[in-house]
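The values are calculated or read from the model by the stated rules, or taken from the named source; none is laboratory data. What you are looking at is a predicted structure, and each value in this text was computed from that prediction instead of being measured. Ideal geometry is used to build each Cβ from the backbone, glycine not excepted, and the neighbour counts take in all protein chains shown.
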Amino acid sequence: MRNDKTNMRHGTMQNGYRFLETTTTLPLPVDEVFTFFANAENLERITPPELAFQVLTPTPIVIKEGTIIDYRLRLFGVPFHWRTRITEWQANDQFIDEQIRGPYGSWMHRHTFVACDNGTRMTDRVEYRLPFLPAGNLALPLVRRQLDRIFRYRASAIRRLLVDDP
């Protein structure tokens, strides 16, 4: 019927960069899935509640290349602000948001949407670098577990919102 499987993999790149890549297939057309992600308010709906994630930028937000979005959240109980910029925007294909200010040394999140036999294959690829390297790498196991938790919750919430409750 529907493909609930989400594939997730971590990897190492050069200069202290890491990546997390997840792939989820949804039984919906690309334009419907992309439209959901084009609404920044949906980020609050697909983020685990314990992060107390809140979009601070006044809504509605017109997302396009150059759009800056401010957020507030808690990570490991510590409150902080996060600011991202949309650095690439190709409707119904892909977009990239990059951290301007936040907890990571660097954060780039590419969202890709591709039509497939089962509907839409959505891929999230986050390339990140922890702050305060090399000492920051001591936190890597904890960060990886937290990212896994966030992206598994996200995949489940997306399925629940888009597929189970149309």
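Reported count of residues in region 94-123, each being without any contact (Cβ under 8 Å) to a residue 24 or more places away in the chain and either outside any strand (DSSP E or B) or in contact with a His (Cβ under 8 Å, 6 or more places away or on another chain) (or both), is 6. In region 1-24, the qualifying residues are those that are among the polar types (S, T, N, Q) and within 14 Å of Ser156 (Cα to Cα), and the one that is nearest to the chain's Cα centre (by Cα) is Thr22.
Restricting region 143-166 to residues that are out of contact with any strand residue (DSSP E or B) (no Cβ under 9 Å at 6 or more places or on another chain) and touching a residue at least 40 places away in the same chain (Cβ under 8 Å) leaves a set whose member that is farthest from Arg74 (Cα to Cα) is Leu161.
Between Arg154, Arg149, the distinction of being loosely packed, with under 14 Cβ neighbours inside 10 Å and not in a strand (DSSP E or B) belongs to Arg149 only.
Scoring Phe76 on the criteria (1) of a type in the set (Phe, Trp, Tyr); (2) farther than 16 Å from Glu44 by Cβ; (3) in contact with a strand residue (DSSP E or B) (Cβ under 9 Å, 6 or more places away or on another chain) leaves a single failure, condition (3). Among the residues of region 70-91, those that are among the hydrophobic types (A, V, I, L, M, F, W, C), surrounded by 15 or more Cβ atoms within 10 Å (Cβ to Cβ) and under 28 Å from Leu140 (Cβ atoms) comprise Leu73, Leu75, Trp82, Ile86.
Please indicate, with yes or no, whether at least one residue in region 55-71 is of a type in the set (Ser, Thr, Tyr) and touching a Lys or Arg at 6+ places or on another chain (Cβ under 6 Å).
Initially, region 55-71 is screened for residues of a type in the set (Ser, Thr, Tyr), giving 57, 59, 67, 71.
Those left that are additionally touching a Lys or Arg at 6+ places or on another chain (Cβ under 6 Å): none.
Checking region 55-71: not a single residue is of a type in the set (Ser, Thr, Tyr) and touching a Lys or Arg at 6+ places or on another chain (Cβ under 6 Å).
Do we find that Trp82 is part of a strand (DSSP E or B), under 21 Å from Met122 (Cα atoms) and modelled with pLDDT of 95 or more in this structure? Here the answer is no, as Trp82 does not meet what is asked. With respect to the conditions (1) surrounded by 18 or more Cβ atoms within 10 Å (Cβ to Cβ); (2) acidic (Asp, Glu); (3) modelled with pLDDT under 95, Asp124 lacks only one, and its number is (3).
The selection criterion, being more than 14 Å from the chain's Cα centre (by Cα) and without any contact (Cβ under 8 Å) to a residue 40 or more places away in the chain, does not hold for Pro27.
Do we have Thr67 as of a type outside the set (A, V, I, L, M), surrounded by 16 or more Cβ atoms within 10 Å (Cβ to Cβ) and touching a residue at least 24 places away in the same chain (Cβ under 8 Å) here? No.
Is it the case that Leu140 is touching a Gly at 6+ places or on another chain (Cβ under 6 Å) and touching a residue at least 60 places away in the same chain (Cβ under 8 Å)? Steps first, answer last, please.
Values: touching a Gly at 6+ places or on another chain (Cβ under 6 Å): no; touching a residue at least 60 places away in the same chain (Cβ under 8 Å): yes.
In short, no.
Ala40 fulfils the conditions (1) farther than 30 Å from Ala135 by Cβ; (2) modelled with pLDDT of 95 or more; (3) in contact with a strand residue (DSSP E or B) (Cβ under 6 Å, 6 or more places away or on another chain); (4) surrounded by 16 or more Cβ atoms within 10 Å (Cβ to Cβ) except for a single criterion, (2).
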